Amino acid sequence: MADIIVVDDETDVAFMIADYLQAKGYRIRMASGGADLREAIAAAKADLVVLDLNMPGENGFSLARWLREHHDTGILMLTGADSVFDKVAGLEIGADDYLAKPFSPVELEARIAAVLRRRRPKGSNDADALPAGQFAFGTYVFDARARNLIDAGGVGIPLTPMELDLVAAFATRAGQVIGRDELLDLAPPRGDEPFDRSIDSRITRLRRRLEKDAAKPELIKTIRGAGYLYPKR
């Protein structure tokens, strides 16, 4: 469960972000400016700081520079203006990502999850770093509550309901071999989707959508005579 500090002098925005992220399983602390941030991070380290750019007194650029010099934490910057100059300047200072206001809380959370994944040490357990209801699927994250699949950049992958059922089956059963009959039960056709008894053809289509090389799958492995497997990371 990641620890996040939200730094924004607009209390309504800060509380909106905090309420949404807490509901997703993150531990949230809030700071209204630089002094509060320094006090909060001195009390306990943070995995990520959501940092507003435009604040009275010490601005987000100065705080991001201080964070990079003194702390190993993720930084996601927020700004009221979608300025290319501000974005480039923030990234050059060391911010991990950048989001312009107004924004969707769903996109904010997706970007936070992507930053945390990129910053995770190699060999760490994906499941330990994701909030409740989210499951690693290779470089993707499957959100069981929202029923969507998000890539490493925080972008949703358009999939059919049946394809999402297959992703859910594999992501929530990492390391388990799933037989063809069980997969048919877990991912039956929906609506106008064709009723195809061959689960193999469905897996092939999903591999084409998600694998770097569908001919050499890494996400969905074929276990000869048994079924399919998403290897536990």
Problem set entry | Failed item, numbered, when Gly175 is tested on (1) on the phi > 0 side of the Ramachandran plot; (2) surrounded by 13 or more Cβ atoms within 10 Å (Cβ to Cβ) | (2)
Exercise. Out of the residues in segment 156-166 that are aliphatic (A, V, I, L, M) and surrounded by 17 or more Cβ atoms within 10 Å (Cβ to Cβ), which is nearest to Arg208 (Cα to Cα)?
Worked result: Leu159
Exercise. Of all residues in segment 199-233, which are more than 26 Å from the chain's Cα centre (by Cα) and of a type in the set (A, V, I, L, M)?
Worked result: Ile199, Ala215, Ile223, Ala226
Problem set entry | Scope segment 24-39; condition crowded, with 18+ Cβ neighbours inside 10 Å and hydrophobic (A, V, I, L, M, F, W, C); matching residues | Ile28, Met30, Ala31, Leu37
Problem set entry | Matching residues, segment 190-221, being polar (S, T, N, Q) and either at pLDDT 90 or above or surrounded by 14 or more Cβ atoms within 10 Å (Cβ to Cβ) (or both) | Thr204
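For segment 1-39, enumerate the residues that are among the hydrophobic types (A, V, I, L, M, F, W, C), outside any helix (DSSP H, G or I) and either more than 22 Å from Asp143 (Cα to Cα) or free of Cβ contacts under 8 Å to residues at least 12 places away in the same chain (or both).
Ile5, Val6, Val7, Met30, Ala31
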For this session: Please work out which residue is modelled with the highest pLDDT, limiting yourself to segment 80-100 and to residues that are assigned to a loop (DSSP other than H, G, I, E, B) and open to solvent by 40 Å² or more (accessible area, probe 1.4 Å).
Result: Asp96
Problem set entry | Residues satisfying the stated conditions in segment 2-34, i.e. under 19 Å from Glu69 (Cα atoms) and modelled with pLDDT under 90 | Gly33, Gly34
Exercise. So Ala169 clears everything in (1) in contact (Cβ under 8 Å) with a residue 24 or more places away in the chain; (2) buried (at least 16 other Cβ atoms within 10 Å of the Cβ) except one condition, right? Which one?
Worked result: (1)
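Scanning segment 40-71 for residues that are assigned to a helix (DSSP H, G or I) and among the charged types (D, E, K, R), which turns out least open to solvent (accessible area, probe 1.4 Å)?
Filtering first and then ranking leaves Arg68.
The values are calculated or read from the model by the stated rules, or taken from the named source; none is laboratory data. All of these numbers come straight from a predicted model, not from anything done at the bench. Reconstructed Cβ throughout: ideal geometry from the backbone, glycine too, with neighbour counts over all protein chains shown. For the accessible areas, the whole protein counts, side chains as well, though only heavy atoms, and no ligand, DNA or RNA atoms are used. Shrake-Rupley method; radii C 1.70, N 1.55, O 1.52, S 1.80 Å.
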